[in-house]
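Notes to accompany the following structure.
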Number of protein chains: 2
Amino acid sequence: MIERHLLKLRARDSLSAEEERAIRSAIGEVRDHQAGRTIIRANVELSESTLLLDGLLSRYKDLRNGQRQVTELHVPGDFADLHSFTLKRLDHDIMTLTPCRVATMSHENLKRITEEHPHLTRVYWFGTNLDAAIHREWEVSLGRRTAIARMANLFSELHVRLGIVGLTEGNSYRLDLTQLELSECLGLTSVHVNRVLRDLREQGAVEFRSGRVMIHDLPLLHRIAEFDPGYLYLEQRSR
Amino acid sequence: MIERHLLKLRARDSLSAEEERAIRSAIGEVRDHQAGRTIIRANVELSESTLLLDGLLSRYKDLRNGQRQVTELHVPGDFADLHSFTLKRLDHDIMTLTPCRVATMSHENLKRITEEHPHLTRVYWFGTNLDAAIHREWEVSLGRRTAIARMANLFSELHVRLGIVGLTEGNSYRLDLTQLELSECLGLTSVHVNRVLRDLREQGAVEFRSGRVMIHDLPLLHRIAEFDPGYLYLEQRSR
DNA sequence: CGTAACTTTGAAATAGCTCAAAAATTGTGG
DNA sequence: CCACAATTTTTGAGCTATTTCAAAGTTACG
């Protein structure tokens, strides 16, 4: 059930059997949500964090004029809101982009982990710091990269993150987003996303159709993106 | 010495005398740096975190074409790289924008804190989550806001953050940045920053001259920015 | 007091946006 | 499995916020 979560954690640090047991016993209820539901609202006091088991989640903020900016996408194995443990409430909403299965971990149980498992605490702290690193890379994309490089970056990032949890088939993966949703990640309009996708397709780098990303030339994609996976911290830390 | 750091922490959570003592005894060496120096380089293994006592620091990433994106500014009382404790290395550089005084806290001492002070650990974990919240708000600015709203947001954010640590004089504060440096925060060119600053000045909202921000109409500034300080988590959490 | 760094302004260029409509795809009830 | 409504994708044409390039002022300071 939490296999993908363990895969994600073990891609960066070792976990003892004891720690794995602690995680398993901290997990609570499992829930299913339909696509397109806001499952966590900003500014609501929270008493549990949500672990994504299956599906795609989006952290986003809406502006008054109706524009939306997605600040991070979550793939299976990610905590959607581990940060709510220390923040108590969120500054953004979280919604399902596809049908999702999630598990909860109460803040009470997380507190127990901080009291009994210092190393596991650091592993989870690392997890939220990884989210921040992803935010930073997105800031760079949004602030400085061209539309095509932003798109290429997003596809590259998801290729790595989904690969870690076994959700890629070689250079291809499911990504059930509309072009409008992509545009909300990239700070673009959906019309422009459409043109950028055509451009990437015609260059022979990637194809995005019917909810699937097919990378035809990974080095080219990385070149267009100026992609450096360093910010995903794939190396093993030694406790 | 670490008074501003304590002010920042206590704006969000209570600290026991014991915890304050633990922080004080974890602090190491104090160092001074000239303006314009990169004091922490991406991808270098780190064994200590850096607490900013005085001055302004910038987290930034450079692109191959020479463009730069700043991902966060740090004010006195902030840890510049508390995240290096769990990340071990950074995905970005950190430089001084003004002359700075910093103190170090070794990762060894931080590790001891995670083992002996679970609540203080959560307070520090909160600190890195606050940085992530700031990143998210910048993503929204960079992705969706107009140039003038971005500028107004940055001035509003710094007004709050500097206020917490006693570095504002009413609606005015020191901000020793060039227009080029501002543009690197906002994903704009320095030419456009210049025009936006004129616009804000002519509207009677803010004036930025000779390293000082003078807010003439705070409600107007907030209105232009669509500023909501919720993401700065100013309320007290109850342990 | 000279020089480097920074700010300001102008004019032309452009990446990405807006508006609008057509084409394709997907989902649904019968 | 079909028909059709809704959603999504695609394309076109004109527009605008911001950039680029260039040069002139201004400020800081060694």
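Taken together, the values in this text are just the output of simple stated rules run on the coordinates, not laboratory data. Quantities reported herein were computed from a predicted structural model and do not represent experimental measurements. With ideal geometry, Cβ positions are generated from the backbone for all residues, glycine too; neighbour counts draw on all protein chains shown.
A few comments on the model shown:
- For B:Ile134, net neighbour charge (Lys/Arg +1, Asp/Glu -1) across residues whose Cβ lies under 11 Å away: -4
- At least 20 Å along the helix axis (C-alpha) and Kyte average at least 0.5, DSSP helices within chain A: A:147-164
- Region A:88-154: radius of gyration and largest Cα-Cα distance (Dmax), Å: 16.4, 47
- Per residue Cα convex hull volume in Å³ - calculated over region A:122-218: 98
- Rg to Rh, two decimals, where region B:185-239 supplies the alpha carbon set and Rh follows Kirkwood: 1.10
- Put a plus charge on the Cβ of each Lys and Arg, a minus charge on the Cβ of each Asp and Glu, and nothing anywhere else: the dipole of region A:3-138 about its Cα centre is then about 320 debye.
- The protein assembly as shown pair-distance distribution - Cα-Cα, 10 Å bins, rounded %: 4, 20, 32, 28, 14, 2, 0
- Over region B:46-124, the Kirkwood radius and the radius of gyration, each from Cα atoms, give a ratio Rg/Rh of 1.02.
- Order of A:His83, A:His107 - criterion: other Cβ atoms within 10 Å of each residue's Cβ, fewest first: A:His107, A:His83
- Residues of type aspartates and glutamates that A:Lys88 reaches as a straight line, Cα spacing below 14 Å, ignoring anything fewer than 8 places off in the same chain: A:Glu45, A:Glu48, A:Glu108, B:Asp13, B:Glu235
- Treating each Cα of region A:63-181 as one equal point scatterer and applying the Debye formula with no solvent, the log10 of I(q)/I(0) at q = 0.10, 0.17, 0.20 Å⁻¹ comes out as -0.38, -1.07, -1.37.
- For B:122-131, mean number of other protein chain Cβ atoms within 10 Å: 6
- Computed from the C-beta positions of B:Asp228 and A:Ser210 and an R0 of 35 Å, the FRET efficiency is 0.35 to the nearest 0.05.
- Electrostatic dipole magnitude of chain B [Cβ: Lys, Arg +1; Asp, Glu -1; Cα centre; debye, to 20]: 320
- Taken over the C-alpha atoms, region A:3-138 has Rg and Dmax values of 14.6, 50 angstrom.
- Take the Kirkwood radius over Cα pairs of chain A, plug it into Stokes-Einstein at 20 °C and 1.002 mPa s, and you get 116 µm²/s for translational diffusion.
- Note on B:Arg198/A:Gln203: beta-carbon distance plugged into 1/(1 + (r/R0)^6) with R0 of 35 Å gives a FRET efficiency of 0.30.
- Per-copy distances of the A:Glu207 label point, shortest first, in nm (7 angstrom along Cα→Cβ): 6.2
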